[in-house]
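What follows is a set of notes on a single structure, which appears directly below.
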Amino acid sequence: MIRVLAAGVNRPDVAQRRGNYPPPANASPIIGLEVAGEVVAAGAEVLQYKVGDRVCALTNGGGYAEYCVAPAPQTLPWPAGYDAIPAAALPETFFTVWANLFMHGRLARGESALIHGGSSGIGVTAIHLGKEFGATVYVTAGSDAKRKHVENSARMPRSITAPPIS
């Protein structure tokens, strides 16, 4: 259980609030899919976190509440140097990119990746993680403004180190 200090806002949250995206079965009816906060309780099988640890998490709903439950595998350590708001904005994009680019796509050092929609949150995260793990990254963008956004984002200093793969 996490005491929520900040919650991310993303497209599914907006769609759910508008009534266009019902929560999955057995999920909280309270919107909010990403949070940053402090662990206040952990199940007996959770070994990587203890009460008082700061984490960010991809939840199954309920992130807009004061307290939220998240499965331990959907939880990340709070990145050093981040305050609550940027930490809360990480889980959705990082888990999505990690699952698709590295787990399903098996992107490896020295390979190339083509990222469509590079100016989106998922796109920017894919660019950074691909480069961080030694891939050559190519990007598409739908307009000159989006292309400039991608170019500026790609020059941002790296500030997040991904945890080791287990």
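The values are calculated or read from the model by the stated rules, or taken from the named source; none is laboratory data. Keep in mind that this is a model prediction, so the values were computed, not measured. Note: ideal-geometry Cβ built from the backbone for every residue, glycine included; neighbour counts use all protein chains shown. All accessible areas refer to the heavy atoms of the entire protein, side chains included, with ligands and DNA or RNA removed. Shrake-Rupley method; radii C 1.70, N 1.55, O 1.52, S 1.80 Å.
Take the solvent-accessible surface of the protein heavy atoms, probe 1.4 Å, and return the percent of it on the chain that carbon and sulfur atoms account for.
Details: 5690 of 10060 Å².
Heavy-atom surface of the chain belonging to carbon and sulfur, 1.4 Å probe: 57 percent.
Exposed loop sites, defined as trypsin sites (Lys or Arg not before Pro) outside DSSP H, G, I, E and B with at most 14 other Cβ atoms within 10 Å, are absent from the longest region of the chain, namely 51-105. The Rg/Rh ratio for the stretch 17-76 is 1.00, where Rg is the radius of gyration of the alpha carbons and Rh is the Kirkwood radius. Using bins of 10 Å that start at zero, the share of Cα-Cα pairs per bin across the stretch 66-157 amounts to 15, 44, 31, 9, 0, in whole %. Calculated FRET efficiency, Thr136 to Ile85, Cβ-Cβ distance, R0 = 35 Å: about 0.65 to the nearest 0.05. Qualifying GluC sites (Glu not before Pro) in the stretch 6-55, where qualification requires a DSSP coil assignment and no more than 11 other C-beta atoms within 10 Å, comprise Glu45.
Comparing Ser119, Val55, Pro71 along the charge dipole axis of the stretch 25-124, the residue lying farthest to the positive side is Ser119, per the Cβ-charge model.
Selection among Ile31, Gly110, Ala89 by position relative to the dipole of the stretch 21-166 gives Gly110 as farthest towards the positive end (Cβ unit charges, Cα centre).
Measure nothing but the geometry: give the 0 to 90° angle between the long axis through the Cα atoms of 121-132 and the longest principal axis through the Cα atoms of the chain, rounded to 10°. The helix 121-132 is inclined about 70 degrees to the chain.
On a 0 to 90 degree scale, rounded to 10, what angle separates helix 144-154 from the longest Cα axis of the chain? The answer is roughly 70 degrees.
Legend: P(r) of the stretch 1-143 from all alpha carbon pair distances, 5 Å bins from 0, whole percents, reading 2, 10, 17, 19, 18, 16, 11, 6, 1, 0, 0.
About the Cα centre, and with charges only on the beta carbon of Lys, Arg (+1) and Asp, Glu (-1), how big is the dipole of the chain? Nearest 20 debye, please. Before the final figure, lay out the partial values.
Working: 14 positive and 12 negative charges, 84 e Å.
Here the chain has a charge dipole of around 400 debye.
So what is the accessible area of the chain per residue, in Å², with the probe set to 1.4 Å?
On the way: 10060 Å² over 166 residues.
Heavy-atom accessible area per residue stands at 61 Å².
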